[in-house]
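The values are calculated or read from the model by the stated rules, or taken from the named source; none is laboratory data. Treat the numbers as computed from the prediction; the structure is a model and nothing was measured. Heads up, the Cβs are rebuilt from the backbone with ideal geometry, glycines too, and the neighbour counts pull from every protein chain shown. Ligands, DNA and RNA are excluded from the accessible area calculation, which covers all protein heavy atoms including side chains. Shrake-Rupley method; radii C 1.70, N 1.55, O 1.52, S 1.80 Å.
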Amino acid sequence: MSFLERLKDGLKKTKEGFVNKVSNIFTGRTNIDDELFEELEEVLIQADVGVKTTFALIEKLKEDIKEEDIKEPEELMKYFQAELKAMLQNEEGTFNFDKDLNIIMVVGVNGAGKTTTIAKVAGRYKDQGKKVMLAAGDTFRAGAIEQLQIWGDRLGVNVIAQKEGSDAAAVAYDAVQSAKARDVDLLIVDTAGRLHTQKNLMEELKKVKRVIDREAESANAQVEVLLVLDATTGQNAISQAKLFNEAVDVDGIALTKLDGTAKGGIVIAVKNELQIPIKLIGVGEAAEDLQNFDPEEFIEALFSNGE
Amino acid sequence: MIFSNLAEKLQDTFDKLRGKGKLSESDVKSALKEVKMALLEADVNYKVVKRFVNKIEERAVGKEVMDSLTPAQQVIKIVNEEMQNLMGGSQEEINISPDPPTIIMMVGLQGSGKTTSAGKLARMLSNKGKNPLLVAADVYRPAAIRQLQVLGERLDLPVFSMGEDSDPVDIAKGSINFASTHNCDTIILDTAGRLHIDQEMMEELEGIKGAVDPDEILLVVDAMTGQDAVNVAQNFDKRLDIDGILLTKMDGDARGGAALSIKEITGKPIKFAGTGEKLADLEPFHPDRMASRILGMGDVLGLIEKA
Ligand SMILES: Nc1nc2c(ncn2[C@@H]2O[C@H](COP(=O)(O)OP(=O)(O)OP(=O)(O)O)[C@@H](O)[C@H]2O)c(=O)[nH]1
Ligand SMILES: Nc1nc2c(ncn2[C@@H]2O[C@H](COP(=O)(O)OP(=O)(O)OP(=O)(O)O)[C@@H](O)[C@H]2O)c(=O)[nH]1
Ligand SMILES: [Mg+2]
Ligand SMILES: [Mg+2]
C-alpha cells in the first residue's frame, strides 16, 4: 500500500465518523443558525477535541462571520477548515538526522503504545539504511524487556538491556556509550509507562533524560523526546502532555491507535494549548503501521468527500 | 474543605443572578450549562450528558431550587442524587460458579490493562482462599505470555500456556483440564487486546466464550478513555454480553467520565478499580465515590448534608 493509501485507510474510520458529519452540518442547510453551531459542538466534542478548544473554535467562527460577512454555510466550512489547519500547522518535520548520533527518548503513560511505536520507528529508519539501536529502559513492567527484544529480533536491530529491576538511567547510559562505540545513527530509548501525576516516577524520568543529555553532549549527538498519546484518550491527554512536557521537554507527539473508532481530536487541543507538534500517527499493531503526521494531508483526508 | 470547581462555579453563577432579584426558570437553565460543561470536561459522553442534564433540568426548574437561599447547593444535591441513580448504589461482586472452576475472562482494547488486572484479580482471589490459574490466551502481542508468567511467578501461582502457535480457543479449553488436575478452582483468561471493530478478533472472543462458557466476562477499560468509551463498551457488550467492568488507571488525574458513560450505555456494573501498577493495586469499585470524582469535587455529600 502506498503512503497515501495507508494514511487514508487508517483515517477512514476517523473520516466516516467525523468528516461526513462535519460537511453535512455545513452543506445540509441553507442558513447559518444556532442549530449549526450546536451540531458542530456535538461533532467536535464527540471527536474528543475538548470543551475549551471546541468553544474557542466556535467563537472564532462567529468572529469570522462578522468580520468577513459570511452568509453561506458552505463558505463557513472553508473558514472552519482553515482554522483547524492553522491550529495544527507544524513548521518542523519529523526527525532530523543532522548529527552523528540521534537519540529519541520515548515517554508516555501506561499502555499508550510506546514500545510498539519504537518498533515502528526503528523499522522505518532501518529500512532507510540507518544503523538503529534500541535501549530497554523499561526495567519495571513484567515482560517489557522481552517485548522490546522480540521486536529487535524481528527487525534485526540491536537491543541494549539489563536485568529487570535495574536502574533505567544506567541502561540509558550503557546504551549511549554503546551507540557511540558502534557508530549508530539512531538510538531509541524505551521508558516504563508512568502516569504523569506520579512525582517520583517523573523524577526518575528526568534523571534518565539528564543522563542521556550529558552523554549526548560529548558525542555530538542530538536528543529528542517523543511523547506517545493514545487516540482513545479524552481530556486527560492535555494533562499528560503538560506534565510530561514540564518534566522532560517534549519535542513531538506520536498519536497511536487511530485505527479504532476514536477520533483523536485531542491532538487539536494539545497542539492548540501547548504548541507541541504532532509528528507521527499509529494506525495498527504491525511495524509498518506508522505514518508521518502531516497536517495538510490529515485535514484533507478528514474533509475530502467520498472517494 | 470548601466546594471546588463545579460547586464554586455554580455558586458564582447563582450569586450573579441573585443580584437581579428572584431566580427565573431561564436563570436556572443557564446555570445548568455549568453542569453540562463539567460533565463534558470529565469526558462523559456527549449524548449521555445531554440526557443527564435534561433530567436535572426537570427537577431543578422548580420551587426547590428557585426559591432556595442556597440554589447552588440544591442543584449540586440534585446532580449528585441523579448521578448516584445512574452509577448504581452498591458495589457488585464477581460471579462465582457453584460448580468449579469459575471462569473469568478479561477482554478489552489494546493496552487497557487486561494482563496486569488478571494478575491483580488472581492475587485478590488467592487472598480470599481461592486457587486461581492464570491462562495466557494472548498469542499475538510480543512477550504477552512472558508478561503473565512473570506475574504468576511473583504471585507464586500457576500459569497455563500452550505457546504462541496455538489457537486461543484451544488454550482456553485446555486450561480447564489443567485446572482440574492442578486443583485450581478459578480460571482467569488473559486475552489479547483488540479493537471492538476488528471482526476477526471479536469472533475469536465469541469462540472462546462459546467453548468455555465463562462465569464472568470483564471488560477492562482505561479510566482516561474519552468519548469513544461508549462505542467500545457497546460493541463488546453486544457481542459478548459482558458481566462487568474493571476500570483501570484510576490512580491518575483522569476524571473518569467514561465510567458514567459505560454504565449508562450498557447498564453493566463497574466491579473493580485499578489504582496502580502493582499487583496489590486493585479495589472494589465504589459507585458513590465516582460522582464526586467526575464532578471534581471533594466530599460533596457530606457538605450538602450539613448545608
Ligand atoms: N490498534 C492499535 N494498537 C496499537 C497501536 N500502537 C500500539 N498498539 C497496541 O497497544 C498495546 C500497548 O502497546 P505498547 O507498545 O506495549 O504500549 P506501551 O506504552 O509501551 O505500554 P507500557 O510499556 O506497558 O506502558 C499493544 O497491544 C500494542 O500492540 C496502534 O496504533 N493501533
Ligand atoms: N498506573 C496504572 N497503570 C496500570 C494499571 N493497570 C495497568 N496498568 C499499566 O498499564 C500498562 C498496560 O497494562 P497491560 O496489563 O499490559 O494491558 P493489556 O490490556 O494487557 O495490554 P495488551 O495485552 O497489549 O492489550 C502497563 O504498563 C501496566 O502496568 C493501573 O490501574 N494503574
Ligand atoms: Mg512499553
Ligand atoms: Mg495483555
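Miscellaneous remarks
- Residues satisfying the stated conditions in segment A:168-203, i.e. under 15 Å from A:Arg141 (Cβ atoms) and charged (D, E, K, R): A:Asp190, A:Arg194
- When B:Lys36, B:Lys55 are screened for being farther than 20 Å from B:Lys268 by Cβ and surrounded by fewer than 17 Cβ atoms within 10 Å (Cβ to Cβ), only B:Lys55 passes.
- Residues of segment B:240-265 satisfying the condition of being more than 10 Å from the chain's Cα centre (by Cα), more than 13 Å from every other protein chain (Cβ to nearest Cβ) and either in contact (Cβ under 8 Å) with a residue 40 or more places away in the chain or open to solvent by less than 10 Å² (accessible area, probe 1.4 Å) (or both): B:Leu240, B:Ile242, B:Asp243, B:Glu264, B:Ile265
- Selected residue (only one of A:Lys209, A:Lys257 is touching a helix residue (DSSP H, G or I) at 6+ places or on another chain (Cβ under 7 Å) and basic (Lys, Arg)): A:Lys209
- When the residues of segment B:192-207 are filtered to those that are outside any helix (DSSP H, G or I) and open to solvent by 30 Å² or more (accessible area, probe 1.4 Å), the one that is farthest from ligand 1 (Cβ to nearest atom) is B:Ile197.
- Filter pass, B:Leu279 being within 16 Å of ligand 1 (Cβ to nearest atom) and within 30 Å of B:Glu153 (Cβ to Cβ): yes
- Segment B:85-121: number of residues that are farther than 19 Å from B:Val232 by Cα and either β-branched (Val, Ile, Thr) or in a loop (DSSP other than H, G, I, E, B) (or both): 18
- As for segment B:163-173, it holds no residue that is within 11 Å of ligand 2 (Cβ to nearest atom) and under 28 Å from B:Glu283 (Cβ atoms).
- Residue check, A:Lys120 free of Cβ contacts under 8 Å to residues at least 40 places away in the same chain and among the basic types (Lys, Arg): no
- On inspection, B:Leu282 passes the criterion of being at pLDDT 95 or above and either closer than 23 Å to A:Ser239 by Cβ or touching a Gly at 6+ places or on another chain (Cβ under 8 Å) (or both).
- Matching residues, segment B:151-191, being open to solvent by 10 Å² or more (accessible area, probe 1.4 Å), over 23 Å from B:Leu279 (Cβ atoms) and more than 14 Å from chain A (Cβ to nearest Cβ): B:Met162, B:Asp165, B:Ser166, B:Asp167, B:Val169, B:Asp170, B:Lys173, B:Gly174, B:Ile176, B:Asn177, B:Ser180, B:Thr181
- Scanning segment A:185-203 finds one or more residues that are more than 14 Å from every other protein chain (Cβ to nearest Cβ), away from ligand 3 (no atom under 16 Å from the Cβ), open to solvent by 20 Å² or more (accessible area, probe 1.4 Å) and more than 30 Å from A:Ser239 (Cβ to Cβ).
- In segment A:69-83, the residues that are surrounded by 17 or more Cβ atoms within 10 Å (Cβ to Cβ) form Cβ pairs under 6 Å with partners that are outside any helix (DSSP H, G or I) and modelled with pLDDT under 90, at six or more places apart or across chains, as follows: A:Pro73/A:Arg29.
- Selected residue [in contact (Cβ under 8 Å) with a residue 24 or more places away in the chain and under 30 Å from A:Ala112 (Cα atoms)] from B:Gln110, B:Gln84, B:Gln11: B:Gln110
- Number of positions in segment B:230-259 that are of a type outside the set (Phe, Trp, Tyr), within 16 Å of ligand 1 (Cβ to nearest atom) and in a helix (DSSP H, G or I): 3
- Given (1) in a helix (DSSP H, G or I); (2) buried (at least 22 other Cβ atoms within 10 Å of the Cβ), index of the condition A:Arg214 fails: (2)
- In segment A:223-264, the residues that are of a type in the set (Asp, Glu) and at the interface with another protein chain (Cβ under 8 Å from one of its Cβ atoms): A:Asp230, A:Asp259
- Scanning segment A:58-81 for residues that are in a helix (DSSP H, G or I), over 30 Å from A:Ile145 (Cα atoms), within 14 Å of chain B (Cβ to nearest Cβ) and modelled with pLDDT of 90 or more turns up at least one hit.
- Residues satisfying the stated conditions in segment A:42-57, i.e. more than 7 Å from chain B (Cβ to nearest Cβ), under 17 Å from B:Val44 (Cβ atoms) and open to solvent by 20 Å² or more (accessible area, probe 1.4 Å): A:Lys52, A:Phe55
- Matching residues, segment B:63-77, being within 17 Å of B:Leu23 (Cα to Cα), of a type outside the set (S, T, N, Q) and surrounded by 15 or more Cβ atoms within 10 Å (Cβ to Cβ): B:Val65, B:Met66, B:Pro71, B:Ala72, B:Val75, B:Ile76
- The set of residues from segment A:268-283 being of a type in the set (A, V, I, L, M) and over 23 Å from A:Val43 (Cα atoms) comprises A:Ile276, A:Leu280.
- Qualifying positions in segment A:108-146 - under 24 Å from B:Ile145 (Cα atoms), among the aliphatic types (A, V, I, L, M) and either within 16 Å of ligand 2 (Cβ to nearest atom) or under 14 Å from the mean Cα position of the chain (by Cα) (or both): A:Val109, A:Ala112, A:Ile118, A:Ala119, A:Ala136, A:Ala142, A:Ala144, A:Ile145
- Pairs linking a residue in segment A:102-113 that is facing chain B (nearest Cβ under 10 Å) and more than 9 Å from ligand 3 (Cβ to nearest atom) to a residue that is open to solvent by less than 10 Å² (accessible area, probe 1.4 Å) and of a type in the set (A, V, I, L, M, F, W, C), with Cβ atoms under 6 Å and 6 or more positions apart or on different chains, are A:Val109/A:Leu195.
- Qualifying residue in segment B:208-215 (condition: touching a residue at least 60 places away in the same chain (Cβ under 8 Å), open to solvent by less than 20 Å² (accessible area, probe 1.4 Å) and within 16 Å of B:Ser112 (Cα to Cα)): no
- Of everything in segment B:277-288 that is more than 14 Å from every other protein chain (Cβ to nearest Cβ) and in a loop (DSSP other than H, G, I, E, B), the residue that is surrounded by the most Cβ atoms within 10 Å (Cβ to Cβ) is B:Phe285.
- In segment B:124-150, the residues that are in contact with a strand residue (DSSP E or B) (Cβ under 8 Å, 6 or more places away or on another chain), under 13 Å from B:Leu279 (Cα atoms) and more than 11 Å from chain A (Cβ to nearest Cβ): B:Met124, B:Leu125, B:Ser126
- For B:Gly274, the criteria (1) within 18 Å of B:Gly89 (Cβ to Cβ); (2) within 14 Å of chain A (Cβ to nearest Cβ); (3) open to solvent by less than 20 Å² (accessible area, probe 1.4 Å) hold in every case but one, which is (1).
- Only one of the numbered conditions (1) outside any helix (DSSP H, G or I); (2) modelled with pLDDT of 85 or more; (3) not aromatic (Phe, Trp, Tyr) is violated by B:Glu57, and that is (1).
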